[in-house]
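Since every read-out is calculated from the coordinates, none of them should be taken as a lab result. Remember, it's a predicted structure, so these values are computed and weren't measured experimentally. Virtual Cβ from ideal backbone geometry, glycine too; neighbours counted across all protein chains shown.
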Amino acid sequence: MTDRPPIPELIRESRTIAIARHVSAAQAPRIGRALAEGGVLAMELTLNEPEDEALAAIESLAREGGGLGALIGAGTVLSIGAAQRAVDAGARFIVSPHTDPELVAWCARSGVPCFPGAFSPSEIVAAWSAGASAVKIFPASTLGPDYLRQLSGPLPQVAFVPTGGISAATAGEWIAAGAVAVGMGGWLIGDGDPEGVTERARQMTAAVRDAV
């Protein structure tokens, strides 16, 4: 696979993808601004049911993203149809909890960076071969940073974004182990209070910066 969309620079620079679930169209811009103030400039809004509400949140945040200097993506994308709807709403990268080679290949053909979830080496290779920009190791907390170190020997060409159960206390270990970025949801977003989100984003920014 040679036609692989590159990992967006904002993800490479900030090394963090914030993951927000069940966020309304009204809440999304507030959380996006709070994250940006703390230095986290990539935000993934998940397509949990009802999908229409999630797409409205993506559209709402995408309208503000340029002013924030932020990058908006869609997560929990389970089909090509959902990926298309998310891109139409303004998502600029796609994340899934699983490896679906057809979905990954569609994203690659469309020029949309895709981060499919994978657990085993076989899934990782399938995702990468289909055109993934990076592979989401999921659930990361079950495997630990040493798992990533072990993978770097036979799979040095693969870019990894571990996700699941990561906080500022553990993010640096994953970056030091070779992750290009980490995905973080519950700890970072919390209850959505902007002040708390900004403070945790600052902690996260410092943690990944110090690990480089």
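A helix-only calculation puts the chain at -14500 deg cm²/dmol for mean residue ellipticity at 222 nm, using -39500 (n - 2.57) for each DSSP H run of at least four residues, averaged over all residues. Dipole size of the chain about its Cα centre, with +1 on Lys/Arg Cβ and -1 on Asp/Glu Cβ: approximately 460 debye, rounded to the nearest 20.
The gain in end-to-end length when the L78 to D52 segment is fully stretched comes to 7.9 nm, 0.36 nm per residue minus the alpha carbon separation. I58: net charge of surrounding residues, Cβ under 13 Å, Lys/Arg +1, Asp/Glu -1, itself excluded? Taking every Cβ under 13 Å from that of I58, the sum is -3. Placing a pseudo-label 7 Å from each Cα along the Cα-to-Cβ vector at D88 and Q150 gives an inter-label distance of 4.4 nm. Placing unit charges on the Cβ atoms of the charged side chains and taking the dipole of the chain about its Cα centre, the candidate lying farthest along the positive direction among A86, G144, Q27 is G144.
Electrostatic bookkeeping for G185 treats Lys and Arg as +1 and Asp and Glu as -1; over the other residues with beta carbon under 15 Å from its beta carbon, the sum is +1. Once both labels are positioned 7 Å from their Cα atoms along Cα-to-Cβ, the gap between E195 and A211 label points is 2.9 nm. Positive end of the dipole of the chain (Cβ unit charges, origin at the Cα centre): among S96, T76, S14, the Cα lying farthest that way belongs to S14. All alpha carbon pair distances within segment 33-147 were sorted into 10 Å bins beginning at 0; the resulting P(r) in whole percents reads 15, 42, 34, 9, 0. Annotation for segment 178-212 versus segment 52-97: alpha-carbon center distance of 20 Å.
Spin-label model, S141/S120: points 7 Å from Cα along the beta carbon direction are separated by 2.5 nm.
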